[in-house]
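**Student:** Got a structure here, written out as structure tokens. Questions coming.
The values are calculated or read from the model by the stated rules, or taken from the named source; none is laboratory data. None of these values were measured; they are calculated from a predicted model. Counting neighbours? That spans all protein chains shown, and the Cβs are built from the backbone with ideal geometry, glycine included.
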Amino acid sequence: MSQEQKVGFVDTHLHLLPGLDDGPDAIETTLEMAELMIADGTTHAAVTHHANYQFSFDPARIRELCAQVQPQVGPRLRIMPGCELHLTYENVQAALRQPLDYTLNESKYLLVEFPEFFEQNAMEGALQQLRAAGLTPILAHPERNPVFQQHLEVLVRYLRLGCVSQVTASSFTGRFGKRAQQMAKDLLEQELVHVVASDGHSPRQRSPRLSEAAQTIAELSSDEVARALTSGNPWAIVQNQPLVYYPRIAKEKKKSFWAFLRS
């Protein structure tokens, strides 16, 4: 069996390691989450603990914990380092100085989180700096952000810079309310989603499962798109490769929207 055939779901947004942020506080919970992921079909995961005003981020500690947890999980789930970088001036500068401390599996892909409310031009400037340094920002859960919910054109603007859109799996199933659920579906329908990830924090309340979202996406779009968003594209990300699937418009009625996007 080839390496590609062995790849199941690939999770590129996950709080799995114990004692670091608002994820699990004990190794027992970490291992319980890992077993749920394995049973659900996830084979690879980048752990993306917070770097923000509340939680400090220590790249060496992340690597140390990955090395400690991996033997306890075994080969069924490969764990890779990463970060969820809150977009502050200090964090952006740190990522520009030492990008491999923050990117997913030491790739060019950097998972970034926006403040709940933000100044649009300032954030665009930060994203441009990251792009100029050769990094590809992955925009975490835009469907849950009030600014993007009210101003889709801002998200489109950022995607035009070369950023990647990552929607939370449980948004499709209503975990974050009807507004986030509807926006997740709208983004999928308008082909503005590149990756779907769990943003898992716990075994049940913030579950790391991807299968239910994949099924929903298959019903709303196609099996091929569901596989691309939960396996093909995230696998390319952790392998530091170009995405295998870029959303394209297929319906005649949306041509004007995509003409704007590509202009």
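**Student:** Out of R160, R144, I need the residue that is closer than 21 Å to L110 by Cα, surrounded by fewer than 17 Cβ atoms within 10 Å (Cβ to Cβ) and among the charged types (D, E, K, R). Which one? Talk me through it step by step, then tell me what you get.
**Tutor:** Working: R144 fails: surrounded by fewer than 17 Cβ atoms within 10 Å (Cβ to Cβ).
Checking each option against the conditions leaves just R160.
**Student:** Now for a different question. Would you point out which residue out of A213, A169 is in contact with an Asp or Glu (Cβ under 9 Å, 6 or more places away or on another chain) and either farther than 21 Å from D21 by Cβ or buried (at least 24 other Cβ atoms within 10 Å of the Cβ) (or both)?
**Tutor:** Values: A213 fails: in contact with an Asp or Glu (Cβ under 9 Å, 6 or more places away or on another chain).
So the residue among A213, A169 that is in contact with an Asp or Glu (Cβ under 9 Å, 6 or more places away or on another chain) and either farther than 21 Å from D21 by Cβ or buried (at least 24 other Cβ atoms within 10 Å of the Cβ) (or both) is A169.
**Student:** Additional query: Which residue out of A46, A51 is in contact (Cβ under 8 Å) with a residue 60 or more places away in the chain, touching a strand residue (DSSP E or B) at 6+ places or on another chain (Cβ under 7 Å) and either surrounded by 22 or more Cβ atoms within 10 Å (Cβ to Cβ) or among the hydroxyl-bearing types (S, T, Y) (or both)?
**Tutor:** Values: A51 fails: in contact (Cβ under 8 Å) with a residue 60 or more places away in the chain.
Every option except A46 fails the conditions.
**Student:** Let me ask something else. Quickly run through the range 38-70 and pick out the residues that are assigned to a helix (DSSP H, G or I), over 15 Å from P24 (Cα atoms) and among the aliphatic types (A, V, I, L, M).
**Tutor:** Result: I38, A39, A60, A67.
**Student:** Continuing with the same structure: So which residues in the range 62-93 are of a type in the set (D, E, K, R) and either touching a Pro at 6+ places or on another chain (Cβ under 6 Å) or surrounded by fewer than 15 Cβ atoms within 10 Å (Cβ to Cβ) (or both), if there are any at all?
**Tutor:** Taking the range 62-93 first, the residues of a type in the set (D, E, K, R) are 63-64, 76, 78, 84, 90.
Scanning the range 62-93 gives R63, E64, R76, E90.
**Student:** Looking only at the range 16-32, decide whether some residue is assigned to a helix (DSSP H, G or I), touching a strand residue (DSSP E or B) at 6+ places or on another chain (Cβ under 8 Å) and closer than 20 Å to P234 by Cβ. Give the steps one after another, and end with the answer.
**Tutor:** Keep residues of the range 16-32 that are assigned to a helix (DSSP H, G or I), which gives 27-32.
From the residues that got through so far, the ones that are touching a strand residue (DSSP E or B) at 6+ places or on another chain (Cβ under 8 Å) too are none.
No: zero hits.
**Student:** In this structure, is V193 closer than 20 Å to H49 by Cβ and under 16 Å from the mean Cα position of the chain (by Cα)?
**Tutor:** Working: closer than 20 Å to H49 by Cβ: no; under 16 Å from the mean Cα position of the chain (by Cα): yes.
In short, no.
**Student:** Follow-up. Quick check on the range 181-191. Is at least one of its residues touching a residue at least 60 places away in the same chain (Cβ under 8 Å), in a loop (DSSP other than H, G, I, E, B) and surrounded by fewer than 19 Cβ atoms within 10 Å (Cβ to Cβ)?
**Tutor:** Yes: one or more hits.
**Student:** Take the conditions of a type in the set (D, E), at pLDDT 95 or above and over 17 Å from A46 (Cβ atoms) and apply them to D199. Does it pass? Before you say what the answer is, go through the steps one by one.
**Tutor:** Details: of a type in the set (D, E): yes; at pLDDT 95 or above: yes; over 17 Å from A46 (Cβ atoms): no.
So D199 fails the test.
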